[in-house]
Amino acid sequence: MSTEKTPSSASSSSSYVFCKGFNGLDKVLLRDARGSSAEVYLYGGHVTSWKNEHAEELLFLSSKAIFKPPKAIRGGIPICFPQFGSLGTLDQHGFARNRFWTIDDCPPPFPTNTLNKAFVDLILKPTEDDIKIWPHSFEFRLRVALGPGGDLMLTSRIRNTNIDGKPFSFTFAYHTYFSVSDIRQVLCLLVFSEVRVEGLETMDYLDNLQKKERFTEQGDALTFESEVDKVYLSTPTKIAILDHEKKRTFVLRKDGLPDAVVWNPWDKKAKAMSDFGDDEYKHMLCVEAAAIEKPITLKPGEEWKGRLELSTVPSSYCSGQLDPRRVLQGS
Ligand code: TA6
C-alpha cells in the first residue's frame, strides 16, 4: 500500500510516494516527469535505488543486503556520519546509516529550483543513547532530489545544536556504490570491457591496504585488477567513472567534500562479507565523495553543507567519441 504525500508546508512542495520496502521498512519513492526514479529508506536515510528514464538501475545493491536494523544496508548510498572509517570510538562509518530518520515536513528555507518537484527532506537528531556514545546535539537534514535530467542530488546540512557551547568535529562520506558491467579488464570475443575512473590521476592518497600510508597516484586513469581501498585527498570537484561495456559515464560532482574514496573488495574480501555475493565485486565500484583528511568542526549554531550530484552521460569511450577530459571540463 502506498500513499502519495505532498507535505503541507509551503516550503517543500515536493511530491513523493511513501510506502513499505523490504522487511516492512518505510521508504519514499521519487519519480521525475521523464521517468527517472529513486528510492530512499528512512532507515539510514539510505538511497537504495536510482534509475534512469529507461528504468535501468544505476546503483549497486547487494542481493544479500540485510534490511534489518542495526545492520547497514549493503549498497546504494550509505551515509557515513559522524565518522568515516573505524578511527574513532564509534562503529565503522559512524551511526547515521543505522538509525531511523524522519520526514522533515518543515525544513528551513532551502534554495531549490522550483522546477524540481521530486525531492524529499529527511532529518536525523541524536537519541539519548546516541549522545552517550557521541556527546553532541546536532540536526542532520538530508535532501534527496531528482533533477530535471534525471540527475540524483543529495544535500546534507549538519548543524551543531549543542547548548553547552561545545564545538564538535566530524568526518563524512556519501559511500556510493555504482553499478558497473564488469570491474575487471576483460577481453573476450573481441569485446574489451573496462571500467576507468578519470579525475584522480596524480592525486595523493592514503592506502588503506598499506597501513594508510600516503602515496601519489600515477598519471593515467584508474583501472582495476585487484582489491582497492584508497582515500584520495583534496580532489577535483568532478570525477568520471567510465563503463565502456555499458557505454555509460557517471559524472560525480561534489561540493564541501574535498576527498574521494575508491573501494572494491575484490574476490577474497567479497567472500568474507556475509551480506555481499561472492561474485558481486565484479559489478560494483564505490567512489565516495567525502571529508576525511581534515575533519569538519562546527561551533554551536554553525551549519555545514555537503552536496553530491550524480549524472550519467552516454559514452563509447574507446571509439574515441568521448574524451574523458572533456567530460570533466564540461559544464
Ligand atoms: O569505503 C571503503 C571502506 O572504508 C572499506 O575499508 C570497507 O570497510 C568499506 O568501507 C565497507 O565498510 P562497511 O562498514 O560498510 O562494511
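FYI, it's all coordinate maths here, none of it is from the lab. Just so it is clear, the model here is predicted, and its values are computed rather than measured. For neighbour counting, all protein chains shown are included, and Cβ atoms are generated from backbone atoms with ideal geometry for every residue, glycine included.
Key figures for this structure:
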read-out	value
Alpha-carbon centroid distance for the pair segment 236-296 / segment 201-228, whole angstrom	13
Gained length - residue 63 relative to residue 100, 0.36 nm times residue gap less alpha-carbon distance	11.1 nm
Selection from 138, 21, 103 lying farthest towards where the dipole of segment 11-155 points positive, charges on Cβ	21
Peptides 63-70, 242-249 ordered by average Cβ neighbours within 10 Å, highest first	242-249, 63-70
Ranked packing of 87-96, 284-293, most packed first, by mean Cβ within 10 Å	284-293, 87-96
Calculated FRET value between residue 54 and residue 20, using beta carbons and R₀ = 35 Å, to 0.05	0.85
Ellipticity estimate at 222 nm from DSSP helix runs (n ≥ 4, -39,500 (n - 2.57)) divided over the chain, nearest 500	-1500 deg cm²/dmol
All lysines inside 16 Å of residue 282 as judged from Cα atoms, apart from same-chain residues fewer than 8 positions distant	64, 246, 268, 269, 271
Sum of side-chain charges, residue 262 neighbourhood, beta-carbon under 9 Å (Lys, Arg +1; Asp, Glu -1)	-1
Net +/- balance of residues flanking residue 118 in space, Cβ distance below 9 Å, scoring K and R +1, D and E -1	+1
Dipole magnitude of the chain, debye to nearest 20 (Cβ charges: Lys/Arg +1, Asp/Glu -1, about Cα centre)	500
Filter on 238/305; 132/299; 166/238 - keep pairs with C-alpha separation over 26 Å	166/238
Computed lengthening from residue 139 to residue 279, 0.36 nm per intervening residue step minus Cα-Cα distance	46.5 nm
Check: segment 73-220 dipole with +1 on Lys, Arg Cβ and -1 on Asp, Glu Cβ, in debye	360
Residue 218-residue 271 FRET efficiency (beta carbon distance; Förster radius 30 Å; 0.05 resolution)	0.55
Given charges at Cβ of Lys, Arg, Asp, Glu: segment 16-329 dipole, positive-most of 226, 69, 292	69
Reachable lysines, given that their alpha-carbon falls under 18 Å from the alpha-carbon of residue 68 and they are not under 8 places away in the same chain	20, 27
Under 14 Å, Cβ to Cβ, from residue 211 - net charge with Lys/Arg +1 and Asp/Glu -1	0
FRET efficiency estimate (nearest 0.05) - Cβ-Cβ, residue 90 to residue 302, R0 25 angstrom	0.70
Of 170, 100, 22, the one that fluctuates the most in a GNM where the chain has Cα springs shorter than 10 Å	22
Gain in span if fully extended, residue 187 to residue 34, counting 0.36 nm per residue against the direct Cα distance	51.5 nm
Simple Cβ-charge dipole of segment 17-143, Lys/Arg +1 and Asp/Glu -1, about Cα centre, in debye nearest 20	280
